[in-house]
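The block underneath contains the structure these notes are about, expressed in structure tokens.
The values are calculated or read from the model by the stated rules, or taken from the named source; none is laboratory data. What you see is a predicted model, and the numbers here were worked out from it, not measured in a lab. In this analysis, Cβ positions are derived from the backbone assuming ideal geometry, glycine residues included, and neighbour counts consider all displayed protein chains.
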Amino acid sequence: MISGATSGFRLRARLAIRGRMGSPKLGLFELGTHHVVHIPSCRVQHPLINQVASIVRGALVDTQTSCYSDKAQLGLARYLQVVIERRSQSAQVVLVGHCPTAAPLAECLELIRTRLGAALHSLWFNANLEATNAILGPHFERWHGPESVSENFGGGEVYYPPGAFGQSNLEIAQALIDELRGQIPAGARVAEFYAGVGAIGLSVLEQVGAISMNELSPQSLYGLALGIAALDEGRRARISVMPGSAGSASAMASDAQIVIADPPRKGLDEALIKQLTSRPPERLLYISCALDSLLRDAAQLTAAGQLRLAGLKAFNLQPFTTHVETLARFERA
């Protein structure tokens, strides 16, 4: 098990905003409820996340902004997302509102911008009008600052727009990427599925001959495009991108020596499993965030005897929980 810091490691947070006008709570839902536990001094979060939450709470109070009620489906302020950029030690802040535009939250947003000052990377409004448990809606308005935070894991710059997925524990994400880098032979042809903004692919680009990258999310694809645009022409020429589901892009693996897959909790798309078992690559590097789907997929991948499980390593991305990130290495039998 690869582990790291046990305090201040969380560089991303999504906090629910609930409570009465003038007395908002910013925190996490109690298990199985919409009751928010206020967490003003959370030790696992980067200190700047706690500072941002405190400033946002104060701005909500001072502007008399209403908080969202799940039962009534009323109220303006719904969620807060904070992402810390390591290089600048500043915060990308997203205020999620139950309104179609930022106008009803304009006074609150401006107060947040002023009070955060140099600690603010960028400030965004996100509209979420749906009566679901989804935190972010599809519509973002940039209020202040750059369009994306950026990170570096030992390769090309990796860009995270506010709607793109990113790991919260970048110390251990770095260790995982370093481990992957050691599993890819120099000059290999690589196919990466569920590539996100390219945190893996752009970071191992120096040692590959060519890499094809697949992603579905528009926000992540936008971040990936920013990362590719920042490369020189020679490096860009080694990358191809295939948008859409991993299943629809599964043929991308047919010419790859190394396949990398980092799916969501549901695991690999069925069409991708069929492709990998009918035409197995020399090596499959499967990063899993859910043990049940990994076990199910591993059984299917190895059932025909053309792929064998050759290695497992666990990464403690979420200390104090039962969840681990698992890197499974499959080899052609």
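What residue, among those in segment 229-241 that are in contact with a strand residue (DSSP E or B) (Cβ under 6 Å, 6 or more places away or on another chain) and surrounded by 17 or more Cβ atoms within 10 Å (Cβ to Cβ), is nearest to Ala195 (Cα to Cα)?
Result: Val241.
Return the total of residues in segment 132-160 being part of a loop (DSSP other than H, G, I, E, B), more than 28 Å from Leu180 (Cβ to Cβ) and charged (D, E, K, R).
Of the residues in that region, 0 qualify.
Taking segment 115-131, which residues are assigned to a loop (DSSP other than H, G, I, E, B) and of a type in the set (A, V, I, L, M, F, W, C)?
Leu129, Ala131, listed by residue number.
Out of all the residues in segment 188-213, which are in a loop (DSSP other than H, G, I, E, B) and free of Cβ contacts under 8 Å to residues at least 60 places away in the same chain?
Val197, Gly198, Ala199, Gly201, Leu202, Ser203, Val204, listed by residue number.
Would you check which residues across segment 254-308 are surrounded by fewer than 16 Cβ atoms within 10 Å (Cβ to Cβ), small (Gly, Ala, Ser), part of a loop (DSSP other than H, G, I, E, B) and touching a helix residue (DSSP H, G or I) at 6+ places or on another chain (Cβ under 8 Å) and list them?
Ala304
Residues are listed down the side, and each one gets a yes or a no for (1) within 30 Å of Ala314 (Cβ to Cβ); (2) charged (D, E, K, R); (3) not in a helix (DSSP H, G or I):
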site: Thr6; (1), (2), (3): yes, no, yes
site: Cys42; (1), (2), (3): yes, no, yes
site: Leu60; (1), (2), (3): no, no, no
site: Glu107; (1), (2), (3): no, yes, no
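Evaluate the following for Phe193: is it within 15 Å of the chain's Cα centre (by Cα) and surrounded by fewer than 23 Cβ atoms within 10 Å (Cβ to Cβ)?
no
Kindly indicate the residue of segment 317-333 that is under 17 Å from Pro264 (Cα atoms), modelled with pLDDT of 95 or more and not charged (D, E, K, R) and also surrounded by the fewest Cβ atoms within 10 Å (Cβ to Cβ) among those meeting that condition.
Of everything passing the filter in segment 317-333, Thr326 is surrounded by the fewest Cβ atoms within 10 Å (Cβ to Cβ).
Do we find that Ala314 is among the small types (Gly, Ala, Ser), in a strand (DSSP E or B) and either modelled with pLDDT of 95 or more or within 20 Å of Ser217 (Cβ to Cβ) (or both) in this structure?
So Ala314 passes the test.
Go through segment 165-187 residue by residue and tally those that are part of a loop (DSSP other than H, G, I, E, B) and more than 18 Å from Ile228 (Cβ to Cβ).
Count: 9.
For the structure I just gave you, tell me whether Leu15 is more than 21 Å from Pro161 (Cβ to Cβ) and either assigned to a strand (DSSP E or B) or among the aliphatic types (A, V, I, L, M) (or both).
Answer is no for this residue.
Does Val82 count as crowded, with 19+ Cβ neighbours inside 10 Å, under 20 Å from Gly196 (Cα atoms) and out of contact with any Phe, Trp or Tyr (no Cβ under 8 Å at 6 or more places or on another chain)?
yes
Could you go through segment 27-42 and let me know if any residue there is under 22 Å from Ala119 (Cβ atoms), touching a residue at least 40 places away in the same chain (Cβ under 8 Å) and not assigned by TED's automatic domain parsing to the domain that holds Leu317.
Within segment 27-42, none of the residues are under 22 Å from Ala119 (Cβ atoms), touching a residue at least 40 places away in the same chain (Cβ under 8 Å) and not assigned by TED's automatic domain parsing to the domain that holds Leu317.
Mind checking whether some residue in segment 181-189 is crowded, with 23+ Cβ neighbours inside 10 Å, assigned by TED's automatic domain parsing to the domain that holds Pro264, at negative phi and of a type in the set (A, V, I, L, M)?
No, that holds for no residue.
Just wondering, is there one or more residues in segment 241-253 that are of a type in the set (A, V, I, L, M, F, W, C), in contact (Cβ under 8 Å) with a residue 40 or more places away in the chain and under 17 Å from Gly163 (Cα atoms)?
No, the conditions are met nowhere in segment 241-253.
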